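The values are calculated or read from the model by the stated rules, or taken from the named source; none is laboratory data. From a predicted model like this one, the values you see are computed outputs, not experimental measurements. Cβ atoms come from the backbone with ideal geometry, glycine included; neighbour counts cover every protein chain shown. The area values use the complete protein model at the heavy-atom level, side chains included, leaving out ligands, DNA and RNA. Shrake-Rupley method; radii C 1.70, N 1.55, O 1.52, S 1.80 Å.
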Amino acid sequence: MKEHYLLNQIVRSLLAGQLKAAADPHRPRWHLAAPVGLLNDPNGFIEHDGRYHLFYQWNPLGCEHSNKGWGHVTSTDLLHWQHEPVALLPTEAYESHGCYSGSAVSDEQGRLTLVYTGNVKYPDGSRTAFQCLARADGEGGFDKLGPVLDLPQGYSGHVRDPKVWHDGQQWLMVLGARTLDDKGEVLLYRGDALDAWTLVGPIAGSGHGGLGDFGYMWECPDLFPLGERHLLICCPQGIASVGEYYRNLYQCGWLAGQFDGEQFEHGAFHELDRGFEFYAPQTTQDSQGRRLLFGWLGLPEENEMSQPTIPYGWIHQMSCPRELFWQDDWLCQRPVAELAALKGEQTRFEGTLREFPGLAIDSAWLDLALCGEGSLWFGAVAELVWQPGRITLRRQNWQSGVWEDRSTPWLGGKITVLCDSSSLECFVDQGRQSLSARYFPGEKPQLSSGNGDDGCKICLDHWPLAACLVQ
């Protein structure tokens, strides 16, 4: 039986690999990462029966993109997470090549239900996909209910990543899709039940809404109201870079507009994060009314397989949990308020760059007030550079050794940087822009002064962050 075989292999992988992974100096102190193997897309993010549930794409048998199932953790405070039984393993014919991404809902009877893509590849190179259901069994696991939706006509085997919600009258679903002529779209379905769906049609994508030619595949769509507007977050693939925009291999961004249940009238596409690694985010609305988000601090098919964590048997991590909000008609992000509970004793520095003494950043929260032109070093492999109107994050590529950069406009407001053993998340102008990146400094990295004007002054508040590992 395939499930029995996979479970035995997972137990072996965990027993052999957990201590090795934990010994990696780049292992995160407070970000979520899989115990062993590969983690990628956040899935099924939901608050259900008083607990936050976060599922994630997981290959527990190695660091490659294969053997994809769903790992599962829960929390009451978004800080302290508990491992739950593995939610999904690719044991059935309709998911033979992976239980791909999806979402979670509370069904009509209040039962936690997963909606996910079953991926199937054929020997001739073709593929298909099924949208599938699994329901909580009351013992920490999930019973698979099988496929409820096949491929729609006119689309390739690349139809995946269902995000499902109930609008008070019916169930709605958005799916990422690739047409037979290689145009990326977001498809809308509706249904009276989770196992009966009707295609409404494409609501966004390449050639829609004034975007023109805009990629061959749109992954991980997420459509939801925020304030008086709706947001569609999605990940288009196949967009060429334009100046400082769209410089990653694949993009992640948002469109704002009005959704009437059938059509989505939206404006321009904006990048959600201007850094190096941020992809496949998923949101949920919690009981406090907040729209919360987790993203994957990774990117497929770039230089991920040369990351120095692989010899330790693990790869990738989540972003910090973030809250989305509007400010001056612009989508902003901030770390959730709960993260402040991890802060230790505050250190404040006010003075010139030349006087800056250096501070530990292996696990830290930094608030920066900056002026003029200058830079700060994060270890010896990343640098935050500021000049009037612009913030730039530079890092040394861990594979090629070449220095690379990502930039964003800056209005002169506060900058918050969250540091972990191998990640940086920069929130610019109180969250108006963000730049996220993985980086791999030496042990006990220090924040130190870089170049700057002779009179360049900074005000910096530093808090160490307590470790917050999955239990």
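Considering each residue of segment 182-194 in turn, none proves to be over 28 Å from Lys68 (Cβ atoms), of a type in the set (Ser, Thr, Tyr) and surrounded by fewer than 23 Cβ atoms within 10 Å (Cβ to Cβ). Evaluation of Gly379 against the conditions (1) of a type outside the set (Phe, Trp, Tyr); (2) within 17 Å of Arg334 (Cα to Cα); (3) open to solvent by 10 Å² or more (accessible area, probe 1.4 Å) shows that the sole unmet condition is (2). Evaluate the following for Arg291: is it open to solvent by 10 Å² or more (accessible area, probe 1.4 Å), closer than 18 Å to Glu219 by Cα and among the basic types (Lys, Arg)? It is false that Arg291 is open to solvent by 10 Å² or more (accessible area, probe 1.4 Å), closer than 18 Å to Glu219 by Cα and among the basic types (Lys, Arg).
Selection within segment 427-471: residues that are open to solvent by 50 Å² or more (accessible area, probe 1.4 Å), within 22 Å of the chain's Cα centre (by Cα) and over 21 Å from Glu323 (Cβ atoms). The member of this set that is modelled with the lowest pLDDT is Gln471. The condition of being under 20 Å from the mean Cα position of the chain (by Cα), at pLDDT 95 or above and surrounded by fewer than 22 Cβ atoms within 10 Å (Cβ to Cβ) holds for only one of Cys320, Cys332, that being Cys332.
Tell me which residues, restricted to segment 42-77, are open to solvent by less than 10 Å² (accessible area, probe 1.4 Å), more than 17 Å from Gln285 (Cβ to Cβ) and among the polar types (S, T, N, Q). Correct list: Gln57, Asn59, Thr74.
Among the residues of segment 14-33, write down those that are over 19 Å from the mean Cα position of the chain (by Cα) and open to solvent by 30 Å² or more (accessible area, probe 1.4 Å). Passing the criteria: Leu14, Leu15, Ala16, Gln18, Leu19, Lys20, Ala22, Ala23, Pro25. Tyr122 fulfils the conditions (1) open to solvent by 40 Å² or more (accessible area, probe 1.4 Å); (2) more than 26 Å from Phe224 (Cα to Cα); (3) in contact (Cβ under 8 Å) with a residue 24 or more places away in the chain except for a single criterion, (3). Listed here are the strands (runs of 3 or more DSSP E) enclosed by segment 1-118 that have at least 3 residues being over 24 Å from Asp420 (Cβ atoms): 37-48, 99-106. Spot the failing condition for Glu304; the list is (1) open to solvent by 50 Å² or more (accessible area, probe 1.4 Å); (2) without any contact (Cβ under 8 Å) to a residue 40 or more places away in the chain; (3) under 20 Å from Asp24 (Cα atoms), and only one is missed. So the condition that Glu304 fails would be (1). When the test is whether a residue is part of a loop (DSSP other than H, G, I, E, B), among the aliphatic types (A, V, I, L, M) and on the phi < 0 side of the Ramachandran plot, Leu299 passes it.
On the given criteria, is Arg406 in contact (Cβ under 8 Å) with a residue 24 or more places away in the chain, part of a strand (DSSP E or B) and among the basic types (Lys, Arg)? Yes, satisfied. Note on segment 89-109: residues that are more than 20 Å from Tyr279 (Cβ to Cβ) and in contact (Cβ under 8 Å) with a residue 12 or more places away in the chain amount to 13.
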